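The values are calculated or read from the model by the stated rules, or taken from the named source; none is laboratory data. Just so it is clear, the structure is predicted and the values come from calculations on it, not from any experiment. Here the Cβ positions follow ideal geometry from the backbone for every residue, glycine too, while neighbour counts run over all protein chains shown. Ligands, DNA and RNA are excluded from the accessible area calculation, which covers all protein heavy atoms including side chains. Shrake-Rupley method; radii C 1.70, N 1.55, O 1.52, S 1.80 Å.
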Amino acid sequence: MRITPLSSGSQGNALLVECGRVRLLVDAGLHVDELEARLRAIGVRPKDIDYLFLTHRHKDHIRGSTELCRRWRIRILTTRSTARSLGTECHRLIRRIEPERPVEVGGFQLWAVPVAHDAPETMALLVDDGTFRYGHATDLGSIGGAINDYLTCCDVLFLEFNHDPGLLAAGPYPGPLKRRIGGTLGHLSNEQGAALLRRLAHPRLAHVWLAHLSATNNRPELALAAARAALPLGCTARLAIAAQEQPSPAVDLAVLSLPVEVA
Ligand SMILES: [Zn+2]
Ligand SMILES: [Zn+2]
């Protein structure tokens, strides 16, 4: 399993998961031309994408999805609510999925896991190829519920560390927007992201991306410090920020898990 974040943050979200020969895009929140440019930058032709999983209907997650899927006949996996927000030209490509029901695609399984956010049927995601597990959770306002059951024992996690509450409170956003972001249907703070990481971390966890960071209300060093403090003793997972402006370096689990030679 190989995972490449293409873009993460309020300007647009997309990430590529490759399991064997199957390519799954998670969200398509960039303009289609930018999305295709980023795929080509990592050596992937848009026509080679097999599936698009959409987490929810906010623009920063679906912006390029209708046009991308129309151009390349990419099959869409999403819930009924999110499907309603897509253009009619791609409706025939949609396979509706139900929360917490496994879906088989090309030899691996995925589960859509409901989270609390202010878009109907917002989903976290678990991908399992039989060897590795990848957990993906952004755009959630609280850390209770089913993600604590599904995102266990993952080799790689992609978790929201959206804002620092102090920076949000002191920042330039209007009051209602601050309350929305900090509310139980908004986005996770660094402390909440760290608390979720503390619950999900285990000795085999190899890599954690800190995702959907606010450019205005957060700083990478604050998010990294919170995450580092949350890793339990014995967990040597690498931490990295998922970038907004360009693809982040891929994590290839087949390489990461090669046995270390003991002298
Ligand atoms: Zn978002
Ligand atoms: Zn959202």
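Hey, if we sort Asp27, Asp118 by accessible area with the 1.4 Å probe, largest down, what's the order?
Asp118, Asp27
Per the 1.4 Å probe, what fraction of the accessible area of the chain, in percent, lies on carbon and sulfur atoms?
Working: 5960 of 11510 Å².
Within the chain, the accessible surface is 52 percent carbon and sulfur.
In the stretch 70-85, whose amide N lies under 12 Å from the spot 7 Å out along Cα-to-Cβ of Val103? List them in ranges.
Hits in the stretch 70-85 for Val103 at 12 Å: 75-83.
Take the stretch 69-172, compute every pairwise Cα distance, and split them into 5 Å bins from 0; I just need the percent in each bin.
2, 11, 18, 19, 18, 14, 9, 5, 3, 0
Rounded to the nearest 0.05, what FRET efficiency is calculated for Ser142 and Arg198 with R0 set to 22 Å and r the Cβ-Cβ distance? Mind dumping the intermediate values first?
On the way: r = 15 Å, r/R0 = 0.69.
Calculated value: 0.90.
With contacts defined as alpha carbon pairs under 8 Å and 6 or more residues apart, what's the relative contact order of the chain in percent? Please list the in-between numbers first.
On the way: 597 pairs, mean separation 48.8, N = 263.
Reported relative contact order: 19 percent.
Any chance you could run the full-extension gain for Ile42 through Arg96? It's 0.36 nm times the residue separation minus the Cα-Cα distance, nm to one decimal. Show your work: numbers first, answer last.
Numbers: separation 54, 0.36 × 54 = 19.44 nm, distance 2.91 nm.
Taking 0.36 nm per residue and subtracting the Cα distance, the gain is 16.5 nm.
Between Arg228 and Gln11, what is the label-to-label distance in nm when each label sits 7 Å out along the Cα-to-Cβ direction?
Label-label distance for Arg228 and Gln11, simple model: 2.6 nm.
Express in Å², to the nearest 10, the accessible area of Cys19 obtained by rolling a 1.4 Å probe over the protein heavy atoms while all chains stay in place.
Accessible surface of Cys19 is approximately 10 Å².
In square angstrom, rounded to the nearest 10, how much accessible surface does Lys47 have for a 1.4 Å probe?
That residue has around 110 Å² of solvent-accessible surface.
If His58, His207, His91 are ordered by their accessible area, calculated over protein heavy atoms with a 1.4 Å probe, which sequence runs from highest to lowest?
Result of the area sort, largest leading: His91, His58, His207.
Could you compute the net charge surrounding Glu36? Neighbours are other residues with a C-beta less than 11 Å from the C-beta of Glu36; K and R count +1, D and E count -1.
Values: positive: Arg38, Arg40, Arg45, Lys47, Arg71; negative: Asp33, Glu34, Glu67.
Summing Lys and Arg as +1 and Asp and Glu as -1 gives +2.
Heavy atoms of the protein only, probe of 1.4 Å, neighbouring chains included. What is the accessible area of Thr216 in Å², nearest 10?
70 Å²
Which is farthest toward the positive dipole end of the chain among Trp111, Leu253, Leu205, measuring Cα position about the Cα centre, with Cβ charges +1 (Lys, Arg) and -1 (Asp, Glu)?
Of Trp111, Leu253, Leu205, it is Trp111.
How much mean residue ellipticity at 222 nm does the chain get from its helices, if each DSSP H run of length 4 or more adds -39500 (n - 2.57) and you divide by all residues, to the nearest 500 deg cm²/dmol?
Taken over the chain, the calculation gives -6500 deg cm²/dmol.
Of all DSSP beta bridges in the chain, what percent run antiparallel (nearest 5)? It would help to have the intermediate numbers written out before the result.
Values: 26 of 49 bridges.
Taking every DSSP beta bridge within the chain, about 55 percent pair in antiparallel fashion.
With Kirkwood's inverse mean 1/r over C-alpha pairs for Rh, give me the Rg to Rh ratio of the stretch 1-50, two decimals please.
0.93
Project the alpha carbons of the chain onto their principal axes and report the range along each, largest first, in whole Å.
The principal-axis extents, from largest down, are 59, 46, 34 Å.
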